[in-house]
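What follows is a set of notes on a single structure, which appears directly below.
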Amino acid sequence: HEVELGVVIGKKGKDISKHEALNYVLGYALCLDITARDIQSEYKKKGWPWGIAKCFDTFAPISEVVLKDKVSNPNNLDIMLKVNGIVKQNSNTSNMAFSVEQIIEFISSIMTLESGDLIMTGTPEGVSEIIKDDIIEARLSDLCEIKVTVS
């Protein structure tokens with residue numbers, strides 16, 4: 001499991017400066033990025049594309065979108081994840097390696113961002129294994145939450 005801030009793009013943009021970046025945001029979401037580590041390891045050893053380890057049904061639960069006008073600063077949001085009631089990840093988006101603005105600037109320098117695109121910004125420390133029937137609960141400040149059972 002990896003809990004992440006999701007940034008939902010609201011309008012098309014290319015080569016967006018970090019100073020203009022938030023003008024292209026529709027809102028934010030809480031995202032879970034699930035990886036089948038066994039498949040990832042096997043594919044890495046074989047030199048195969050390992051991204052498929054993130055591409056199975058139910059591997060990316062996403063909360064409802066919180067419109068950006070309800071978020072005063074996306075770079076200062078608490079983000080937390082529990083597995084079976086035990087906190088596994090607990091941080092703040094201020095600890096991200098790159099700000100939301102820097103991420104948008106970089107990605108838009110490579111590709112055009114379209115309305116509805118979702119950028120998953122990376123995860124804090126505390127990634128751990130999950131198994132069938134585990135209950136995952138995640139929260140983004142007081143804005144949104146996700147609760148799922150691993151199937």
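The values are calculated or read from the model by the stated rules, or taken from the named source; none is laboratory data. Please read all numbers here as calculations on a predicted model, not as lab measurements. Surface accessibility is based on the protein's heavy atoms, side chains included, excluding ligands, DNA and RNA. Shrake-Rupley method; radii C 1.70, N 1.55, O 1.52, S 1.80 Å.
Check off (1) among the aliphatic types (A, V, I, L, M); (2) part of a loop (DSSP other than H, G, I, E, B); (3) open to solvent by 20 Å² or more (accessible area, probe 1.4 Å) for residue 16 and give me the number that stays unchecked. It fails just one condition, (3).
Here segment 19-33 is the region considered, the condition is being open to solvent by 10 Å² or more (accessible area, probe 1.4 Å) and of a type outside the set (A, V, I, L, M, F, W, C), and the residue that is farthest from residue 67 (Cα to Cα) is 33.
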